[in-house]
Amino acid sequence: MNKELLRKLSVLTLILLFSSNGFCQMKLIKKLFSSDVDTGRSSSFLPLPVIGYAQETGAEIGAISLYSFYTDRKDTLTRTSRITGAVTFTTKKQTNFILKSDIWSPNNKFHYIGEIRYKNFPFNFYGIGNSTFDSNEDPITQKLFKLNGAIEKQFGKTRYSGLTIAFENYQFSDKAIGGIFSKVPSIFDKDGGKVLYLGFTQILDSRNSNTYTTKGAFARMNYSYAPDIFGGDNFVGGLLKLEVRDFHAISNKATFALNANYQSLSGENTPFYLLPQLGGDEMMRGYYLGRYRDENLLALQSEIRLRFHPRFGVVGFAGTGTVFSRRDFSLKDLKPNLGGGFRYFFDIEKGLSVRMDYGIGEKNPGEKRQSGFYLSLGESF
């Protein structure tokens with residue numbers, strides 16, 4: 001069992017303990033398990049405590065929350081808007097803060113996206129490429145400040161066009177001198193740097209919901225360019241992101257979903273920290289985010305969702321993916337993942353849920369099978 005899994009399990013344990021103390025009142029129990037839908041389209045707020053422990057961070061404590069609302073409660077076609085926040089602190093003076101907004105204007109004419117993030121937190125670096133080794137694990141301290149925004153305007157019934165802007169500032173220090181991070185000369189820009197992306201987006205969106213989709217499709221293309229603003233060794237080049245989602249209702253309780261992602265970073269002297277990374281809680285669950293990174297990423301996943309009760313659901317998922325350099329793609333390098341999860345819908349009308357997933361990945365010779373437990377708010381896609 002890896003350290004990340006231990007940390008996530010401790011988070012889940014604390015939430016269950018907090019929940020069990022709060023469920024003592026019968027009225028609250030009835031509300032949490034009720035099948036009644038809020039027909040008034042009112043706003044909702046969910047706060048959750050976070051606590052955990054890892055050797056590299058010590059004890060970690062904080063909170064995550066989600067606030068959801070409609071910009072027009074009378075228009076039943078206006079989509080759910082969300083503001084998500086999280087903040088945690090550790091006994092080793094590390095901090096992780098994020099605030100994200102996803103706002104839909106009345107009649108869905110405009111879509112606004114924003115994010116501000118500050119992170120002073122360690123992560124494990126394994127090298128670059130699709131064949132890194134667990135024995136190369138090198139703990140790195142990262143300081144990150146990130147600020148981005150997007151505005152998308154509706155044209156026609158399902159098409160959106162938009163503009164994006166993002167600023168990112170990275171700083172790194174190697175906690176274990178002599179590891180792969182300091183030894184390998186091909187790892188570019190080890191101290192960190194700054195990047196400013198300017199981009200445009202094209203979207204086709206026919207989903208029946210942006211929070212819990214049961215039918216429709218979504219396709220998004222974003223190209224961002226980082227001009228030579230900061231000089232020196234800072235990155236100059238382009239980042240292309242393509243994503244497709246497709247949803248089919250199998251029955252009134254079951255949905256089959258497909259998701260495909262492609263990312264490509266192009267430019268001279270591409271920094272390791274900007275390279276697309278495989279894994280995480282949304283795509284290729286079961287792989288540590290950053291275990292594999294390179295100039296290009298391709299990943300596919302499918303999911304069967306069964307919402308057997310208005311408050312509860314289960315999922316099963318499977319996928320495959322890889323990272324590769326510019327001329328190094330091979331089907332034999334695709335990695336598998338498989339897993340399942342549980343959903344608790346705290347807002348039935350909006351389809352907002354607490355998501356608990358467990359995924360497994362490949363088993364390399366001489367290593368434990370890669371796996372991960374994930375606790376998040378909302379669906380993975």
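Quick note: the coordinates plus some simple rules give every number you see, no bench work behind them. The model shown is predicted, which means the values in this text are computed figures rather than measured ones. As a convention, Cβ positions derive from the backbone with ideal geometry for all residues, glycine included, and neighbour counts pool all protein chains shown.
Assorted remarks:
- Over the chain, relative contact order from alpha-carbon pairs under 8 Å, at least 6 apart, %: 11 percent
- Rg/Rh for segment 233-333 (Cα atoms only, Rh after Kirkwood) is 1.09.
- For segment 90-377, with +1 on Lys and Arg beta carbons and -1 on Asp and Glu, the positive-most of VAL244, ASN296, ASN269 along the dipole: VAL244
- In sequence order, segment 80-87 has phi-based couplings of 6, 9, 9, 10, 10, x, 8, 8 Hz under the Karplus curve 6.51 cos²θ - 1.76 cosθ + 1.60, θ = phi - 60°, and Gly or Pro positions carry x.
- Crossing angle, helix 3-22 versus the chain [Cα axis fit, 0-90 degrees, rounded to tens]: 20 degrees
- Helix-only CD estimate at 222 nm, as mean residue ellipticity for the chain, using -39500 (n - 2.57) per DSSP H run (n ≥ 4): -2500 deg cm²/dmol
- Radius of gyration over Kirkwood radius for the chain, both on Cα atoms: the Rg/Rh ratio is 0.95.
- Exposure proxy ranking, count of Cβ atoms within 10 Å, fewest first, for ARG291, ARG207: ARG207, ARG291
- A Cα-only calculation for segment 332-381 places Rg and Dmax at 14.5, 48 Å.
- Neighbour counting of Cβ atoms within 10 Å sorts the residues ASP228, ASP357, fewest neighbours leading, into ASP228, ASP357.
- Computed from the alpha carbon atoms alone, the convex hull of segment 43-85 holds 66 Å³ per residue.
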